[in-house]
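One structure is given below, encoded as structure tokens.
The values are calculated or read from the model by the stated rules, or taken from the named source; none is laboratory data. In this text, all values refer to a predicted model and were calculated from it rather than measured experimentally. A quick note on method: Cβ atoms are made from the backbone with ideal geometry, for glycine too, and the neighbour counts reach across all protein chains shown.
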Amino acid sequence: MSFNKQIRLSSQAQAAAAAALLAVQFFALHSDSANAQMNAQNAATQASVVAQQPPASPVAATGAPPAAIPAIAAPGSSVKPTVATAPAAPAPATAAACVAPTELTHFERPLVHTMRRLVNGQSLSIVAIGSSSTAGAGASSPDATYPSRLAAELRARFPGRDIAVFNRGVNGEETSNMMARFASDVLAAHPQLVLWQIGTNSVLRDLALSPHAAQLHDGIEQLKASGADVVLIDPQFAPAVLAKSETQGMVEQIAVTAKEENVDLFRRFAVMRDWHDVQHLAFDTFVSPDHLHMNDWSYACLAKLLGGAIAEAATRPIAAASVHPALSAKPDVH
């Protein structure tokens, strides 16, 4: 078939389609039957599709199924072509509430050095040191990491105070790597509070627990000697971590060490387990698609819960009594 003849056939087909469409519109306006209107519309749609298809070709004769053909706008038309697409994904569910049992977020010990700075109206420096979940792997931006969100949370709780949270997380590091950075990345900032997130990478790499215990004791002693409050943060409750046999042992080791060293522990593993096992949140609500790292929602929730724990532990009456000598004669209030 010549090219000119194909053009004529195509023009005739388009004209037929237009006529069919006008007939449908007239029928819809004048028909008293809803079913008749629907049938007419379906017929017109079929006519339009047939009209838009090109003449049969040798390829179509082989029996292979024809490819889907998008609707084509007429030349000069302001209507944009429409292309068939996959069904849209369902709208995300309402964000889960950020809550956790008080017993999982309450610090046993007051944060005396942090309290002193707040009471005296001085600037407060906090260093968050750790691996990828401190650095912010899985977050959509640096502002969505837990240290960034924590800074905003604490400033909201203590308006007008100069509060800085320094993010000293490095992807992939283990406890020994972090300790090697203490002098440059932690102590150089002269913090009043150090948040030390540890344990995850040691578990993922199947490292023995005994050497880690010794390192952890040594690291805590170094931080305490600098005159800073210390809060440990244990591993995340995520599928990749749960798949490792030493996970529970690491969580228990960190808890025991915190108690022996008289420092506070933020029980991230237990908080996230509560989200999943008690609150019945799906893992994809608070874990990234890699099944390991946290996401924007869980980083924000971690910061909110941690900020609340810090604020409470830094404003207890017992902490105030230790800050002000004049109050030291009064009995401690727990």
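Looking across the range 202-217, the residues that are surrounded by fewer than 19 Cβ atoms within 10 Å (Cβ to Cβ) and either touching a residue at least 12 places away in the same chain (Cβ under 8 Å) or at positive phi (or both) come down to R205, D206, L207, L209, A213, Q215, H217. As a summary of the residue check, G121 satisfies the conditions (1) under 27 Å from E252 (Cα atoms); (2) modelled with pLDDT under 95 except for the one numbered (1).
Kindly indicate whether L195 is buried (at least 17 other Cβ atoms within 10 Å of the Cβ), modelled with pLDDT of 95 or more, assigned to a loop (DSSP other than H, G, I, E, B) and within 22 Å of the chain's Cα centre (by Cα). First the steps, then the outcome.
Details: buried (at least 17 other Cβ atoms within 10 Å of the Cβ): yes; modelled with pLDDT of 95 or more: yes; assigned to a loop (DSSP other than H, G, I, E, B): no; within 22 Å of the chain's Cα centre (by Cα): yes.
No: the conditions fail for L195.
Would it be correct to say that W297 is surrounded by fewer than 21 Cβ atoms within 10 Å (Cβ to Cβ), in contact with a Phe, Trp or Tyr (Cβ under 8 Å, 6 or more places away or on another chain) and in contact (Cβ under 8 Å) with a residue 40 or more places away in the chain? So W297 passes the test. For L207, the criteria (1) in contact with a Gly (Cβ under 9 Å, 6 or more places away or on another chain); (2) within 21 Å of P235 (Cβ to Cβ); (3) among the hydrophobic types (A, V, I, L, M, F, W, C) hold in every case but one, which is (1).
Output yes when any residue across the range 229-248 is in contact with a helix residue (DSSP H, G or I) (Cβ under 9 Å, 6 or more places away or on another chain), touching a residue at least 60 places away in the same chain (Cβ under 8 Å) and at positive phi, and no when none is. No, that holds for no residue.
Being buried (at least 23 other Cβ atoms within 10 Å of the Cβ), in contact with a Ser or Thr (Cβ under 6 Å, 6 or more places away or on another chain) and assigned by TED's automatic domain parsing to the domain that holds A156 narrows it down to one residue among F286, F269; which is it?
Details: F269 fails: in contact with a Ser or Thr (Cβ under 6 Å, 6 or more places away or on another chain).
Going through F286, F269 in turn, the sole match is F286.
How about the range 223-262: which of its residues are basic (K, R) and not in a helix (DSSP H, G or I)? Correct list: K244 only. For the range 87-178, the helices (runs of 4 or more DSSP H) that sit wholly inside it and include 3 or more residues that are surrounded by 16 or more Cβ atoms within 10 Å (Cβ to Cβ) and in contact (Cβ under 8 Å) with a residue 40 or more places away in the chain are 112-119, 132-135, 146-157.
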